[in-house]
Amino acid sequence: MKINVNAVWDGGVNGNGNLKAEYLNTKIAIPASLGGSGSGANPKEILVSSVTTCYTASLTFVLASRNLPVAELTVNSEANISDNDFKIIHYPHIVLSKAASEEQIQSAQRATEAADKGCEVGNLLKKADVKIEIRGKVSLL
């Protein structure tokens, strides 16, 4: 797999740039807390967005492979970053149709962990000592 990403920057530290890939086009900037303009996504937001996208795609695949009656799927992610620690917590919420069986509900809950194991971006981050935690919720429509 080959991925091409292009960044164009204008205005020095207080400026901002644009990050483009085949299906990505976003404004980027140095955070205001580091003396930048803060008027765009910063590198850590882009990194957490990448692992959230990977996890969500993996979870979608796992749920589909189990033929579960998914009505809605959302994933919120939170990163806690300090000098010694980098932790990402995914909060997937799977809404199944009201006719879902108890077995299907349990399968959906297990899918939240299976997707974590299948996410390549998350697995790369774990090798760099980033901690990833899953706090999934399954409910019925």
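The values are calculated or read from the model by the stated rules, or taken from the named source; none is laboratory data. Computed from a prediction, not measured in an experiment: that's the story for all the values here. Reconstructed Cβ throughout: ideal geometry from the backbone, glycine too, with neighbour counts over all protein chains shown. Ligands, DNA and RNA are excluded from the accessible area calculation, which covers all protein heavy atoms including side chains. Shrake-Rupley method; radii C 1.70, N 1.55, O 1.52, S 1.80 Å.
Might you check whether a residue that is over 16 Å from Ala111 (Cβ atoms), at pLDDT 95 or above, touching a Lys or Arg at 6+ places or on another chain (Cβ under 6 Å) and among the polar types (S, T, N, Q) occurs anywhere in the range 4-15? Scanning the range 4-15 turns up at least one residue that is over 16 Å from Ala111 (Cβ atoms), at pLDDT 95 or above, touching a Lys or Arg at 6+ places or on another chain (Cβ under 6 Å) and among the polar types (S, T, N, Q).
Return a yes/no flag: does the range 120-140 have any residue that is open to solvent by 50 Å² or more (accessible area, probe 1.4 Å), farther than 22 Å from Lys44 by Cβ, part of a strand (DSSP E or B) and touching a Lys or Arg at 6+ places or on another chain (Cβ under 8 Å). Among the residues of the range 120-140, at least one is open to solvent by 50 Å² or more (accessible area, probe 1.4 Å), farther than 22 Å from Lys44 by Cβ, part of a strand (DSSP E or B) and touching a Lys or Arg at 6+ places or on another chain (Cβ under 8 Å), which makes the answer yes. A residue that is at pLDDT 95 or above, part of a helix (DSSP H, G or I), of a type in the set (Gly, Ala, Ser) and out of contact with any Leu (no Cβ under 8 Å at 6 or more places or on another chain) cannot be found anywhere in the range 89-109.
Can Val75 be described as closer than 30 Å to Glu102 by Cβ and in contact with a helix residue (DSSP H, G or I) (Cβ under 7 Å, 6 or more places away or on another chain)? Judged against the criteria, Val75 is a match. Output yes when any residue across the range 40-51 is assigned to a strand (DSSP E or B), over 14 Å from the mean Cα position of the chain (by Cα), closer than 30 Å to Gly15 by Cβ and modelled with pLDDT of 95 or more, and no when none is. Within the range 40-51 (the criterion being assigned to a strand (DSSP E or B), over 14 Å from the mean Cα position of the chain (by Cα), closer than 30 Å to Gly15 by Cβ and modelled with pLDDT of 95 or more), the answer is yes, since at least one residue qualifies. Of everything in the range 33-44 that is open to solvent by less than 80 Å² (accessible area, probe 1.4 Å) and out of contact with any strand residue (DSSP E or B) (no Cβ under 6 Å at 6 or more places or on another chain), the residue that is nearest to Ala79 (Cα to Cα) is Asn42.
Specify the residue that is most open to solvent (accessible area, probe 1.4 Å); the eligible residues are those in the range 2-32 that are more than 20 Å from Ser49 (Cα to Cα) and out of contact with any strand residue (DSSP E or B) (no Cβ under 7 Å at 6 or more places or on another chain). Per the criteria, the residue is Asn14. Across the range 7-38, the number of residues qualifying as polar (S, T, N, Q) and over 21 Å from the mean Cα position of the chain (by Cα) comes to 4. Residue-level check: of (1) over 30 Å from Asn16 (Cα atoms); (2) open to solvent by less than 50 Å² (accessible area, probe 1.4 Å), Ala64 misses just (2).
Of all residues in the range 77-87, at least one satisfies being modelled with pLDDT under 95 and among the hydrophobic types (A, V, I, L, M, F, W, C).
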